[in-house]
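To keep things clear, I will list the structure first and then write my remarks on it.
The values are calculated or read from the model by the stated rules, or taken from the named source; none is laboratory data. Computed from a predicted structure; not experimentally measured. Heads up, the Cβs are rebuilt from the backbone with ideal geometry, glycines too, and the neighbour counts pull from every protein chain shown.
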Amino acid sequence: MSYETVTLDITDGIATLRLNRPDQRNALNIQMCDDIKAAAEAVAVSSSARVLLVAANGPAFCGGADLKERENKDAEWVRERRRRSYAAYAALAALEIPVIAVIDGPCAGSGCEIAAICDFVWASDKASFRYPEAQWGTVGATQRLPRLVGKAIAKELMFTGRAVLADEAKAIGLANRVMPSAQLWEQVQALAGQIAKAPPLAMKLAKRCIDQGMETTLQNGIALEQQAVGESLANKEWIAGVQAFSKQK
C-alpha cells in the first residue's frame, strides 16, 4: 500500500492513515485527495482493519487546501479539484468501522473537513482549528461544521476565520478529548486497541444506527436499531460478548 502523499499501515486491527506532505504543512492538493480516497477504499475492503486513525506527519495536521496549486488555474480546474476532494471525503465517510482523527497541531480548512468526517477527534494541547474559506473568497465546511457546533458558532467561525485553540475546541464540540502532546499518541493507541478487540459487527452496527438515526425521526431511528439487533443476533457475536462479561464478574 504505497501512496504519494499519505501513508497507510494496518497492524493488529488498527489502520493508520497519515497525511504526508509535512514540508507543505500537509496542504491538501489533488494528489492527496486521490490518495486519501484510495487509502480509504483499501481500508474498506481490508479484512483486518477494525478501526482507523487519521493523523499526520510533521508539526501541522493540515494547513488547508494547497492554494499554490491553484495559481494560474481556471474555474473548471478548481471545480475538478473540489469534486476530487468531495470524493475523498465521501470515501472516508463511507467507512463502516470507527474512524478517529488525531490532531496534534494546526488544522485548517480542508483539514477541518477531514477531522469532521471522522467519528470523533482526540487532540493535543498543540491543536488549533480554523475555517478560513470565506475569508479566502471560497466556500467550504458549511455542512459538517454547523452539525458539530451549531449554526451560530459555525457562522462566527466561518465569517471570521479565527483560530480555535484546543480547550475551546473541546468546549464547543470540535474535539472530544484534549491532552498533552506527549501523551496523545500513546492514549490514542490504547483507545484504538480497545476498539479493535471489540466485536466488529457490533461496532459497525452501532455506528450505522447513530449516523442514520440522527438523520431521521426518533421512531425511524428505533426501527433502525431493532433491525441492527436482528443482525447482531443472527451473527451470534453477542454470545461471546455475554460469556466475556460473565468471566469479569
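Before moving on, here are some points about what is shown:
- Whether a residue is surrounded by fewer than 21 Cβ atoms within 10 Å (Cβ to Cβ) and among the hydrophobic types (A, V, I, L, M, F, W, C) was assessed, and Val45 passes this test.
- The listed residue being part of a helix (DSSP H, G or I) and under 24 Å from Ala141 (Cα atoms), out of Lys37, Lys73: Lys37
- In the set (1) of a type in the set (A, V, I, L, M); (2) more than 20 Å from Thr5 (Cα to Cα); (3) without any contact (Cβ under 8 Å) to a residue 60 or more places away in the chain, the condition left unmet by Ala123 is number (3).
- Out of Ala101, Ala60, sole residue that is touching a residue at least 40 places away in the same chain (Cβ under 8 Å), buried (at least 18 other Cβ atoms within 10 Å of the Cβ) and part of a strand (DSSP E or B): Ala101
- The set of residues from the range 173-194 being of a type outside the set (S, T, N, Q) and not in a helix (DSSP H, G or I) comprises Gly173, Leu174, Ala175, Arg177, Val178, Met179, Pro180.
Residue-by-condition table, conditions (1) farther than 30 Å from Leu17 by Cβ; (2) at pLDDT 95 or above; (3) among the acidic types (Asp, Glu):
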residue: Val178; (1), (2), (3): no, yes, no
residue: Val188; (1), (2), (3): no, yes, no
residue: Gly193; (1), (2), (3): no, yes, no
residue: Pro199; (1), (2), (3): no, no, no
residue: Leu233; (1), (2), (3): yes, no, no
residue: Phe245; (1), (2), (3): yes, no, no
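- Of the residues making up the range 69-81, those that are of a type in the set (Lys, Arg) and free of Cβ contacts under 8 Å to residues at least 40 places away in the same chain are Arg70, Lys73, Arg79.
- Ala152 being of a type in the set (Gly, Ala, Ser) and part of a strand (DSSP E or B): no
- Test: residue in the range 155-172 that is at pLDDT 95 or above, farther than 24 Å from Lys126 by Cβ and part of a helix (DSSP H, G or I): yes
- Residue count for the range 7-34 satisfying the condition of being under 18 Å from Gly105 (Cα atoms) and part of a loop (DSSP other than H, G, I, E, B): 5.
- Of all the listed residues (Ala88, Ala116, Ala123), the sole one being outside any helix (DSSP H, G or I), under 24 Å from Ile14 (Cα atoms), in contact with a Leu (Cβ under 9 Å, 6 or more places away or on another chain) and at pLDDT 95 or above is Ala123.
- Apart from one condition, Ile239 fits all of (1) β-branched (Val, Ile, Thr); (2) surrounded by 13 or more Cβ atoms within 10 Å (Cβ to Cβ); (3) at pLDDT below 85; the exception is (2).
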